[in-house]
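Worksheet: one structure, shown below.
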Amino acid sequence: MFKALAPGLLFISLLLISVAANETGFGRCNCDDEGSLWSIENILDCQRVSDFLIAVAYFSIPIELLYFVSCSNVPFKWVLFEFIAFIVLCGMTHLLNGWTYEPHGFRLALALTIFKILTAMVSCATAITLFSLIPLLLKVKVREFMLKKKTWDLGREVGLIMKQREEGLHVRMLTQEIRKSLDRHTILY
């Protein structure tokens, strides 16, 4: 139920925040104050640094995923490669976006546009893939659970069989000891 209400609650909270910001004066920018913390230059510098840090993070995550894929036997490796491509392209858009806060040329704008289009295509492909793959993964998890339960049941049965075999050996040993202890004379007469 919460999942159904979440978009509406998000919209209402954003609406309330924007109304509160306008009433308190945060909706307007005092961009003319050069010494102000919220001057245009400071805001753009913060955005530039943020874009470069986001790009660094986006480039480190695929390296970690590649290491994980190379060290493990994961099914559906191609999905991880889709994620890696998606993350690298997101990093490229942030990296290129870091240079757009200054006046820039046509090539930078074209490169940014191309990487944004590629990011959009890969992200849509990844979303579609996950939409069709998640039910398969859930079936795999259910099968894995059932196999683990069967393995546990079989292990328990093997334990019972081993216990019965051990008890049978004890009965045979006792029978042999009883036969040895009795002499033939007692048995015959």
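Laboratory data are not the source of any read-out in this text; all were calculated from the coordinates shown. Here the structure is a predicted model, which means the values were calculated and not measured. No Cβ is skipped: glycine too gets one built from the backbone with ideal geometry, and neighbour counts run over all protein chains shown.
A few points about this structure:
- Partners for Lys141 among lysines (Cα-Cα distance below 19 Å; same-chain residues under 8 apart left out): Lys77, Lys149, Lys150
- Residue-wise HN-Hα coupling along the stretch 57-72, computed from phi with Karplus coefficients 6.51, -1.76, 1.60 (Hz; x: Gly, Pro): 5, 5, 7, 7, 4, x, 5, 5, 5, 4, 4, 4, 5, 6, 9, 10
- For the stretch 92-169 and the stretch 43-80, distance of Cα centres in Å: 15 Å
- The packing ranking, built from the mean of other Cβ atoms within 10 Å per residue, places the peptides 93-105, 154-166 in the order 93-105, 154-166, highest first.
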